[in-house]
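K.L.:
This is the structure I want to talk about, given as structure tokens.
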Amino acid sequence: MKLEELYEDNHLLCLNKPSGLLTQPTSYTQDSLETRAKQWIKERDQKRSVFLHAVHRLDKDTSGVVMFAKSQKALSRMTKAFRERKVKKTYLAITQKIPKTKTLKHTLKHGSHKALQDASGKESHLSFEVLKKQKGLYLLEIDLETGRYHQIRAQFALEECPIVGDHKYGSPLDVSLALHCFSLVFLHPTTQKELKIQAPFPKQSLWNLF
């Protein structure tokens, strides 16, 4: 599979992750965007080993921008930026219904396979705007203010508006998960210049409606 490069310099690499591929390897499988990117750089630059580490992760079935650090310094600085919410993350999603309010607030905890609403959970905030409506479907732009496990998926499901294709959270449509990390806006770890990295829509019929 050819990797879709969005940005690269000596410190960072940003790729457009396809749906269905893990961001990082696990104890169960080595196949992931990180593994493929490392191999690609090794072959391209003719190196035996490379430093490449995902700064954040997307769910397996979520597509979009993934940032990798190419040095320990970049990894440390960008991990800190994500932790301190200094990276603006914007997602696109397709739903059949929309919540009554454009700001969603819940307390979520990490369940065994899902995020669950629980008073002891962590505060989870997001806001959204409707960009388009087409054939009974809504294209939403979502600004993620916190970064919880399955946050967008769980919060929209709690409002009875699951993301299209999200079978785990109640979507009845037999299609791929329609959730895409569209952009990251952040300060470069060494130059401190603002960068905005965007990932094109997935090449799928559902997204082609918009």
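K.L.:
In the stretch 1-44, how many residues are closer than 17 Å to K196 by Cα and among the small types (G, A, S)?
P.N.:
The qualifying residues number 0.
K.L.:
Ok, one more. In the stretch 7-23, how many residues are surrounded by 13 or more Cβ atoms within 10 Å (Cβ to Cβ) and under 26 Å from V175 (Cα atoms)?
P.N.:
Residues flagged as surrounded by 13 or more Cβ atoms within 10 Å (Cβ to Cβ) and under 26 Å from V175 (Cα atoms) within the stretch 7-23 amount to 8.
K.L.:
Looking for whichever is surrounded by 14 or more Cβ atoms within 10 Å (Cβ to Cβ) and modelled with pLDDT of 90 or more here; the options are L158, L173, L209. Which one fits?
P.N.:
L158
K.L.:
Somewhere in the stretch 30-46, is a residue closer than 28 Å to W207 by Cβ, over 12 Å from the mean Cα position of the chain (by Cα) and in a loop (DSSP other than H, G, I, E, B)?
P.N.:
yes
K.L.:
Against the condition assigned to a loop (DSSP other than H, G, I, E, B), within 16 Å of P18 (Cβ to Cβ), touching a helix residue (DSSP H, G or I) at 6+ places or on another chain (Cβ under 9 Å) and at pLDDT 95 or above, how does L92 come out, does it pass?
P.N.:
Answer is no for this residue.
K.L.:
May I pose another question? Which residues, counting only those in the stretch 120-158, are touching a Phe, Trp or Tyr at 6+ places or on another chain (Cβ under 9 Å) and either on the phi > 0 side of the Ramachandran plot or among the small types (G, A, S) (or both)?
P.N.:
If the condition is that a residue be touching a Phe, Trp or Tyr at 6+ places or on another chain (Cβ under 9 Å) and either on the phi > 0 side of the Ramachandran plot or among the small types (G, A, S) (or both), then G147, H150, A154, A157 are the ones that fit.
K.L.:
While we're on this one: With the checklist (1) surrounded by 14 or more Cβ atoms within 10 Å (Cβ to Cβ); (2) farther than 30 Å from M78 by Cα in hand, flag the one item Y149 doesn't pass.
P.N.:
Unmet for Y149, out of (1) surrounded by 14 or more Cβ atoms within 10 Å (Cβ to Cβ); (2) farther than 30 Å from M78 by Cα: (2).
K.L.:
Follow-up. Among the residues of the stretch 98-121, how many are under 24 Å from L184 (Cβ atoms), among the basic types (K, R) and either buried (at least 16 other Cβ atoms within 10 Å of the Cβ) or touching a residue at least 40 places away in the same chain (Cβ under 8 Å) (or both)?
P.N.:
Of the residues in that region, 0 qualify.
K.L.:
Restricting the search to the stretch 82-97, which residues are within 30 Å of H188 (Cα to Cα), loosely packed, with under 15 Cβ neighbours inside 10 Å and touching a residue at least 60 places away in the same chain (Cβ under 8 Å)?
P.N.:
R85, K86, K88 - these are the residues of the stretch 82-97 that are within 30 Å of H188 (Cα to Cα), loosely packed, with under 15 Cβ neighbours inside 10 Å and touching a residue at least 60 places away in the same chain (Cβ under 8 Å).
K.L.:
Tell me, which residue of the stretch 67-89 that is touching a helix residue (DSSP H, G or I) at 6+ places or on another chain (Cβ under 8 Å) and assigned to a strand (DSSP E or B) is nearest to A178 (Cα to Cα)?
P.N.:
Among those that are touching a helix residue (DSSP H, G or I) at 6+ places or on another chain (Cβ under 8 Å) and assigned to a strand (DSSP E or B), it is M67.
K.L.:
Also, quick follow-up: Given the structure, is L131 modelled with pLDDT of 95 or more, touching a strand residue (DSSP E or B) at 6+ places or on another chain (Cβ under 6 Å) and farther than 23 Å from C14 by Cβ?
P.N.:
no
K.L.:
Return a yes/no flag: does the stretch 53-66 have any residue that is farther than 20 Å from A199 by Cβ, outside any helix (DSSP H, G or I) and modelled with pLDDT of 95 or more.
P.N.:
Scanning the stretch 53-66 turns up no residue that is farther than 20 Å from A199 by Cβ, outside any helix (DSSP H, G or I) and modelled with pLDDT of 95 or more.
The values are calculated or read from the model by the stated rules, or taken from the named source; none is laboratory data. Owing to the predicted nature of the structure, the values given are computational and were not obtained by experimental measurement. Glycine also receives a Cβ, built like all others from the backbone with ideal geometry; neighbour counts cover every protein chain displayed.
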